[in-house]
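Chemist: Here it is, the structure in full.
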Amino acid sequence: CAVKAAHVLSEIAKNEEMKIPCIEADLVLTLIPLLESTDQEMLLHAGRAIGRICYDNRTLQEELVRVGVIPSLVRILTDYAESEPLVHVALLALYNLADLDSAKEALSMTKVAEQLVKQLRRAESHERLEIVFEVLQALAENDALKVQLVDAGVPEVLSEILLRLQGSSQAEDTCIVKAASDLIVSLLLGGKKGNITGQVHKESTSKTIVLILARHENSQGKDSLNSEFAPLYGNCLRLFQLGVIHQLLDLLEKHVRSGDTSVQQAALSALQSLAVPVVSKVQMLEEGVAERIEALLRSESPPVQFKLLGTLRTLADGQADAAELLGQDPLLLDRLVQWCSGSEHSGICGEANRLLASILHHNRSQEVVKAIQAAQGVKHLVSMTTSEHAALQNEALNALAIASAIDLETLEESFKESQLVQSLHKLLRDDNTSPEVKYNSMGLLCRLLNSGDLRQEIEEDKIKDTLEQLCSHSNADVVKEATTTLQVLRGET
């Protein structure tokens with residue numbers, strides 16, 4: 001009668017009011033041993049009963065993990081992979097338990113990754129794919145499981161799914177494509193889905209990946225990747241080798257035409273993450289990724305515009321070739337200048353200014369300086385030096401200093417028209433200006449002193465008096481830079 005009793009209990013547990021009596025009767029602990037049965041009907045009813053009784057009850061779910069339900073669920077997926085009802089029950093149970101740290105730890109001791117790959121490959125319905133994606137998203141938050149998922153071939157399957165669905169205009173397919181793109185990002189960064197697009201989390205994780213690359217490049221052949229962060233480095237390269245980049249770009253181009261902004265944002269998020277490592281930037285440039293991304297310049301969606309600017313800035317970061325490529329594209333520069341002042345969204349305006357500064361900062365070409373000058377972008381960077389955010393001020397100051405070192409003659413007239421000297425003096429006088437901004441302002445001043453007209457403005461504005469006061473500043477770096485700038489101003493060095 002055990003099978004029939006389990007069937008009755010699975011039906012009773014559908015009723016919310018009956019869950020507590022089932023718990024009080026210790027039915028959960030009684031049902032768990034039945035998951036070791038070889039009778040498929042028994043497994044089906046016992047699994048459903050347990051799942052319904054424990055649904056949304058964290059205490060009971062923790063108890064399930066403690067008494068060993070995880071190996072039983074993985075065994076069901078393994079032994080009955082062709083049974084749709086049993087697989088469905090096991091996946092739902094994993095979906096409900098996967099957020100628990102104890103469940104993730106238990107799953108890391110199993111071969112769940114291999115079984116989830118099998119289910120991804122054989123999934124015929126959108127519902128099945130969505131359940132597996134949800135389980136994978138939760139598991140990707142755990143470093144050990146993330147490595148197992150990549151080793152088991154999850155990226156390969158995601159690549160196949162993106163390729164298979166990229167030509168579809170069905171709404172359900174679009175949801176799957178977006179979920180696959182999100183999962184690519186999760187596997188790459190290993191962070192929670194909700195935090196992946198958060199700026200602080202993304203930047204800190206990106207720095208970690210860059211640190212790994214630096215360790216690898218400085219190892220001179222040593223096995224430096226045997227560190228706790230080595231899997232992140234491997235994931236970047238592996239996802240790249242799978243051809244995910246161009247599949248994401250194909251999706252972008254298709255959905256630019258269709259106007260589906262959610263897929264555009266998801267694909268751009270993945271591309272921005274993949275563009276962090278130095279080796280990826282070089283390969284993306286060689287494969288013409290920058291030109292293909294720029295097709296999105298015509299997008300009128302603010303979220304897509306914001307993502308586009310961030311992706312291009314990541315691509316240009318530290319890469320002179322990328323900066324020169326972007327900095328000599330008249331269409332891009334015209335659009336950037338429009339967004340610098342004409343956008344109704346402050347975030348887009350800020351990102352446009354940051355990309356313009358990044359192009360100048362990482363560029364080493366006189367042609368780029370001339371192109372940005374011709375596009376009337378210099379005045380926006382001068383305005384950026386007075387931003388309320390110190391980080392943006394520093395980005396603008398450093399970019400203008402580098403551009404001045406490359407071709408001050410081209411920029412001279414714009415600097416005079418935009419009153420750059422007066423803006424710098426104001427920053428130096430203001431007690432609220434951060435020491436780093438003061439330091440960078442004086443670094444730019446030293447560059448400007450190479451121009452006769454700008455030197456005259458600096459002298460007429462009596463910046464010398466302010467510099468002398470800064471020689472007694474509390475910050476040692478500010479004092480040192482003030483002394484150096486005074487020496488340059490007096491012609492002593």
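The values are calculated or read from the model by the stated rules, or taken from the named source; none is laboratory data. Source: prediction; values computed, not measured. FYI the Cβ positions are ideal-geometry reconstructions off the backbone, even for glycines, and counts take in every protein chain you see. Just the protein is used for accessible areas: all its heavy atoms, side chains included, with ligands, DNA and RNA removed. Shrake-Rupley method; radii C 1.70, N 1.55, O 1.52, S 1.80 Å.
Chemist: Which value results when the Cα radius of gyration for segment 1-145 is divided by 2.2 N^0.38 Å? Mind showing how you got there, number by number?
Modeler: Details: Rg = 14.5 Å, N = 145, 2.2 N^0.38 = 14.6 Å.
Rg over 2.2 N^0.38 Å, computed on Cα atoms: 0.99.
Chemist: Along the principal axes of its C-alpha atoms, what lengths does segment 351-493 span, in descending order and rounded to whole Å?
Modeler: Result for segment 351-493: principal-axis Cα extents of 40, 31, 23 Å.
Chemist: Further question on the same structure: Using just the alpha carbons, could you tell me how many Å³ per residue the convex hull of segment 292-387 encloses?
Modeler: 85 Å³
Chemist: In percent, how large is the relative contact order of the chain, given Cα pairs closer than 8 Å and 6 or more residues apart?
Modeler: 7 percent
Chemist: Hey, got a sec? Which GluC sites (Glu not before Pro) in segment 357-426 land in a DSSP loop and have at most 13 other Cβ atoms within 10 Å?
Modeler: Counting only loop positions with at most 13 other Cβ atoms within 10 Å, the GluC sites (Glu not before Pro) in segment 357-426 are GLU388.
Chemist: I'd like to know which of VAL8, PRO435, ALA401 lies farthest towards the positive end of the charge dipole of the chain, counting +1 on Cβ of Lys and Arg and -1 on Cβ of Asp and Glu.
Modeler: Projecting each Cα onto the dipole axis, the largest value belongs to VAL8.
Chemist: Too long at a 25 Å Cα-Cα cut-off: which of LYS438/LYS464; LYS19/LYS111; LYS178/LYS254?
Modeler: Over 25 Å apart, Cα to Cα: LYS19/LYS111.
Chemist: Give me the accessible area per residue for segment 389-493, probe 1.4 Å, as a whole number in Å².
Modeler: For segment 389-493, the solvent-accessible area averages 49 Å² per residue.
Chemist: Right, something else. State, as an integer percentage, the relative contact order of segment 11-74 based on alpha-carbon contacts under 8 Å between residues 6 or more apart.
Modeler: Relative contact order here is 31 percent.
Chemist: Still on this structure: Based on Cβ point charges of +1 for Lys and Arg and -1 for Asp and Glu, what charge dipole magnitude is obtained for the chain about its Cα centre, in debye rounded to the nearest 20?
Modeler: 300 debye
Chemist: For the chain, with the dipole built from +1 on Lys and Arg beta-carbon atoms and -1 on Asp and Glu ones, taken about the Cα centre, which of ALA171, LEU296, GLN272 lies farthest toward the positive end?
Modeler: GLN272
Chemist: In degrees between 0 and 90, to the nearest 10, how far off the longest principal axis of the chain does helix 171-189 point, with axes built from Cα atoms?
Modeler: The answer is roughly 70 degrees.
Chemist: Towards the positive end of the charge dipole of the chain, with charges on Cβ (+1 Lys, Arg; -1 Asp, Glu), say which of HIS255, VAL87, LEU449 has the farthest Cα.
Modeler: Checked the options; the winner is VAL87.
Chemist: Here's something else I'd like to know. For MET284, MET18, write out the residues from largest to smallest accessible area, computed with a 1.4 angstrom probe and no ligands counted.
Modeler: MET18, MET284
Chemist: Okay, next question. At a 1.4 Å probe radius, carbon and sulfur cover how many percent of the accessible area of the chain?
Modeler: Carbon-and-sulfur percentage of accessible area, whole number: 48.
Chemist: Local charge sum around GLN61 (other residues, Cβ-Cβ under 12 Å, Lys/Arg +1, Asp/Glu -1)?
Modeler: Details: positive: ARG58, ARG66; negative: ASP56, GLU62, GLU63, ASP99, ASP101.
Overall, the nearby charge balance is -3.
Chemist: Another question, then. For the chain, take the longest principal axis of its alpha carbons; what is the angle in degrees between that and the long axis of helix 143-152, to the nearest 10 within 0 to 90?
Modeler: 70 degrees
Chemist: For the chain, take the longest principal axis of its alpha carbons; what is the angle in degrees between that and the long axis of helix 2-12, to the nearest 10 within 0 to 90?
Modeler: Its long axis makes an angle of about 50 degrees.
Chemist: Further, regarding this structure: Modelled label-to-label distance, GLU253 and ASP39, 7 Å Cα→beta-carbon offset: nm?
Modeler: Computed distance between label sites GLU253 and ASP39 equals 5.9 nm.
Chemist: Pop the C-beta distance of ALA2 and ASP143 into the FRET formula with R0 = 51 Å and round what comes out to the nearest 0.05.
Modeler: E between ALA2 and ASP143, to the nearest 0.05, is 0.80.
Chemist: With θ set to phi - 60° and the Karplus curve 6.51 cos²θ - 1.76 cosθ + 1.60, what are the ³J(HN,Hα) couplings of segment 478-489 in order, to the nearest whole Hz, using x for Gly and Pro?
Modeler: Couplings: 5, 4, 4, 5, 5, 5, 5, 5, 4, 4, 5, 5 Hz.
Chemist: Mind listing the Cα extents of segment 336-398 along all three principal axes, in Å, largest one first?
Modeler: Principal-axis extents of segment 336-398 (Cα, largest first): 30, 23, 15 Å.
Chemist: Sticking with this structure for a sec: Taking the Cα centre of segment 381-493 as origin, work out the dipole magnitude from +1 charges on Lys and Arg Cβ and -1 charges on Asp and Glu Cβ, in debye rounded to 20.
Modeler: The dipole magnitude comes to about 260 debye.
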